[in-house]
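Here is the structure we will look at, set down as structure tokens.
The values are calculated or read from the model by the stated rules, or taken from the named source; none is laboratory data. Quantities reported herein were computed from a predicted structural model and do not represent experimental measurements. Note that we place each Cβ from the backbone using ideal geometry, even for glycine, and neighbour counts take in every protein chain shown. Each accessible area value is taken on the protein alone, full model and side chains, heavy atoms only, with ligands, DNA and RNA left out. Shrake-Rupley method; radii C 1.70, N 1.55, O 1.52, S 1.80 Å.
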Amino acid sequence: MNQKRKGSSLRRLFSLVFFLAMIFLIGNAFITVDYKEGIAGWSSIIRLNLAKLKMCKAQLRPPGSETLPRGIVASTSDLEMRPLWGAKRYKKPKPNLLALAAGIKQKESVNKIVKKFRSSEFVVMLFHYDGSVDEWKEFEWSETAIHISVVNQTKWWFAKRFLHPDIVSAYAYIFLWDEDLCVDHFDATRYVSIIKEEGLEISQPALDPNFSEVHHQLTSRDNKSRVHRRTYKVIGRARCNESSTGPPCTGFVEMMAPVFSRAAWKCTWHMIQNDLNHGWGIDFQLGYCAQGDRTKNIGIVDSEYILHMGLPTLGGSAENKTDSGQLNKTKTQHDSASQISSGRSEVRKQTYAELETFKHRWKNAVKNDECWIDRFQT
């Protein structure tokens, strides 16, 4: 009897141990699955966060805006005027910019130039190098023009400081012109249409050779052509022909009336030296800003041409001088003419000195930049 009870107890104990073992095994299996699922879940979260971190790092944010949410960053601007109060009325943005050196003695010439640029298509900015601003109020367009006045500075000085690419990025074409131009045979709207069709990144209106001061044969008008990109004449030691690949035969415009695309201006702005006022030397390097082949992307527009009068302005009158102010009224006309001549002579000397400085800087930059590749090197 005792043996039967003992055997029955052993069987029950064995069954209980077996049952508990099965529960342990089954429970352990579920715990392992949950653990693995938990690990997998955390791994997914970590991977997602790493991917998000890499994505954020890959986003190019303007320097200085890194601490701001991306949607609030306004990285560019324009030159459009805004009302001080009231509901804003939608106005179609003006697609192009005319920036013009302006001295009051040339106000009639400047007036004629500005009138050739439709107010609906061009923002007008005047660089007043003689300090005269109020005198322009007689012209109706003056109210909507942007006036910047700094005495005795060149248009390149103004352009470097007030035409930063982020400020003028809204404009497809930037006209950076002198004031001593006759525009009787020029239409700005037609001109823009032509350079768009021709794919010109940098251009200028041709110069009428009969009445203009022409310094480079390439810019002289060909009356049988709408646009030309090269000249075939002998210029100094250069024999220009179809195989010519650079200035003075092709890929060149003069500095009195250049027109830049948005991309070309962004490059050119960086090439303008902050401390060199006159911009001499830049014209021969503009091909590097032509967004490709300078023999194709730089051209002279013959059908819309201008006259360059070549009038000396800076250094040419007493009111343009920052150091002496107006001429003393008691001085003789001979003294006045002598001072004017001397001022112009000094300006001319400075331009040549700056040209040599620019050439030297370019040469050193090429030499010292191991990563730069000269796309026009033959």
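Before moving on, here are some points about what is shown:
- When residue 189 is tested against (1) open to solvent by less than 50 Å² (accessible area, probe 1.4 Å); (2) part of a loop (DSSP other than H, G, I, E, B); (3) not aromatic (Phe, Trp, Tyr), exactly one condition is not met: (2).
- Within the stretch 350-370, the residues that satisfy the criterion of being within 23 Å of residue 153 (Cα to Cα) and open to solvent by less than 70 Å² (accessible area, probe 1.4 Å) are 351, 353, 354, 355, 357, 358.
- The set of residues in the stretch 75-105 being surrounded by 10 or more Cβ atoms within 10 Å (Cβ to Cβ), of a type in the set (A, V, I, L, M, F, W, C) and farther than 17 Å from residue 121 by Cα consists of 101, 102, 104.
- Checking residue 127 against (1) open to solvent by less than 10 Å² (accessible area, probe 1.4 Å); (2) modelled with pLDDT under 95; (3) not acidic (Asp, Glu), the condition it does not meet: (2)
- Across the stretch 56-74, the number of residues qualifying as at pLDDT below 85, assigned to a loop (DSSP other than H, G, I, E, B) and surrounded by 10 or more Cβ atoms within 10 Å (Cβ to Cβ) comes to 2.
- Every listed requirement among (1) free of Cβ contacts under 8 Å to residues at least 24 places away in the same chain; (2) among the polar types (S, T, N, Q); (3) touching a helix residue (DSSP H, G or I) at 6+ places or on another chain (Cβ under 8 Å) is met by residue 193 save one, (3).
- Restricting the first member to the stretch 282-304 and to residues that are at positive phi, and the second to residues that are small (Gly, Ala, Ser), the beta-carbon pairs closer than 8 Å and six or more apart or on different chains are 291/261; 291/263; 291/264.
- Failed criterion for residue 156 (all others in (1) surrounded by fewer than 19 Cβ atoms within 10 Å (Cβ to Cβ); (2) out of contact with any helix residue (DSSP H, G or I) (no Cβ under 8 Å at 6 or more places or on another chain) hold): (1)
- Residue check for residue 203: at negative phi and modelled with pLDDT under 95: no
- Pair list, Cβ < 9 Å and 6+ apart or interchain, from the stretch 145-170 residues that are at positive phi to residues that are buried (at least 16 other Cβ atoms within 10 Å of the Cβ) and in a helix (DSSP H, G or I): 152/320
- Selection count, the stretch 224-260, where residues are touching a residue at least 60 places away in the same chain (Cβ under 8 Å) and among the aromatic types (Phe, Trp, Tyr): 1
- Matching residues, the stretch 165-176, being surrounded by fewer than 22 Cβ atoms within 10 Å (Cβ to Cβ) and either closer than 27 Å to residue 104 by Cβ or charged (D, E, K, R) (or both): 166, 167
- When the residues of the stretch 199-243 are filtered to those that are basic (Lys, Arg) and in a loop (DSSP other than H, G, I, E, B), the one that is surrounded by the fewest Cβ atoms within 10 Å (Cβ to Cβ) is 237.
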